[in-house]
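Here is the structure we will look at.
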Amino acid sequence: MILFLNKDAQMNEIENLRDRLRFMGFETTIGIEEDHKVIAITHGVDSSVCVELFKDLPLVEKVTPFDDNFKLVGKNIRKSKSVININGIEIGKDEFIVMAGPCSIESREQIFSIAKEVSKDGATILRGGAFKPRTSPYDFQGLGEQGLQFLRDAADAFGLLCVSEVMSTDDVAMVEKYVDILQLGARNMQNYSLLKAVGKARKPVLLKRGLSATYKEFLSAAEYIISSGNPNVILCERGIRTFETYSRNTLDIAAVPILRELTHLPIIIDPSHGVGLRNAVPPMANAAIAVQADGVIVEVHTTPDKSISDAAQTISTTAFSEMMSTLRKIGMVLGMHVKEAQV
Ligand code: PEP
Ligand code: MN
């Protein structure tokens, strides 16, 4: 149910109304855009609750039921794109954000040398996994908390933000201490306990699309996070499983314009996992800016062939540098500035 409020409603009056709704057994969230103020009732409405119940409440001008399950990710309460501001880096605005770094954090030296290169070429967010979801239990599982410390130190040394994956509900609070963005990986997109746990975190969440998730399932996963209390979700298309086996995944570039119609959340592309083949990564990053994604997350290494994980899809720092200059050119044509690190 969405309650459209009187234009002149003041914040304290809105909070009083929310208290009253809470007393009536409903959980709410507010949406405010310019002159348009609404309260969305997210929990407690079932078939026994009708529009009439809310019509005569103070401040309420109009009541409409939600038309789908996307109460918070959809455009019911927010029409314009949401912008996630992390220390001045605005994701979802009109700048293209580049996140770059190795698949896994391998050592302090490795992450520092990669951070140095990618920041020089304009990345603003350093990526690197410390908890790795590996297909085989015998593969490198990541450096854990020590890796996160290396990532944080390297990001700070080069004026970058950082993002890393959290795989377990037990680790959310710890990972959150080190990173600026919590990554929720493709394999965990339907791990509902983890979605709720990152929903209670204070840091923004980079939510990867599941390997076989439909758009609706992807958006429902984001809805879990937001309805648990965290509005700052960045969607990431990272390729899906199709009948094609030559490439690791099939990057669904159409996800960007299609999801744009359905949600106000920022959308980025991961061309590395999206294709799995190094040479295809820069062209797919070009495609990402061309379809007006809000950014990319790319695997980069100073010695890509020696990457402990995902070597085949990891590009060199030289290839990254060339990719960045092409992105700037495409961005110029489209009026989309590629955000540069302030080093
Ligand atoms: C990653 O980004 O390191 C990763 C494991 O990605 P995904 O969850 O998309 O496979
Ligand atoms: Mn990887």
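Bear in mind that the values in this text are calculations on the coordinates, not laboratory data. Predicted model only: the values in this text are computed from it and were never measured. Cβ atoms come from the backbone with ideal geometry, glycine included; neighbour counts cover every protein chain shown.
Pairs spanning more than 30 Å between alpha-carbon atoms, out of 177/208; 71/132; 75/203; 55/208: 71/132; 55/208. Counting only Cα atoms, the size of the range 2-64 along its three principal axes is 32, 19, 18 Å, in decreasing order.
Averaging the Cα positions of each part gives two centres, and for the range 1-69 and the range 268-296 these lie 40 Å apart. For the range 194-343, rounded, prolate or oblate, judged on the Cα gyration tensor with a ≥ b ≥ c (square roots of eigenvalues), a/c < 1.5 rounded, else prolate if a/b > b/c? It comes out prolate by the Cα gyration axes. Where only DSSP H runs of four or more residues are counted, the chain gives -9500 deg cm²/dmol as its mean residue ellipticity at 222 nm, each run worth -39500 (n - 2.57). The relative contact order of the chain, computed from alpha carbon pairs under 8 Å that lie at least 6 residues apart in sequence, is 17 percent. Packing order of peptides 44-51, 314-321, 123-130, 256-263, highest average first: 123-130, 314-321, 256-263, 44-51 (average count of other Cβ atoms within 10 Å over each peptide's residues).
The chymotrypsin sites (Phe, Trp or Tyr not before Pro) found in the range 199-291 that occupy coil by DSSP, while having at most 13 further C-beta atoms within 10 Å, are 243, 246. Remark: spin-label model distance residue 169-residue 250 equals 3.5 nm, labels positioned 7 Å along the Cα→Cβ axis. Under 1.5 on a/c is rounded, so check that first for the range 133-212, then, if it is not, pick prolate when a/b is larger than b/c and oblate when it is not; a ≥ b ≥ c are the square roots of the alpha carbon gyration tensor eigenvalues. Oblate, since a/c reaches 1.5 and b/c is not below a/b. Taking the DSSP bridge list for the chain and keeping only pairs wholly inside it, about 40 percent are antiparallel. The simple spin-label model puts a point 7 Å past each Cα toward its Cβ; for residue 337 and residue 48 those points are separated by 5.5 nm.
Name the shape class, rounded, prolate or oblate, that the alpha-carbon gyration tensor gives for the range 84-334, where a ≥ b ≥ c are the square roots of its eigenvalues, rounded holds for a/c under 1.5, and otherwise prolate holds if a/b is larger than b/c and oblate otherwise. In terms of gyration-tensor shape, rounded. Largest GNM mean-square fluctuation among 292, 141, 110, using the chain with Cα springs under 10 Å: 141.
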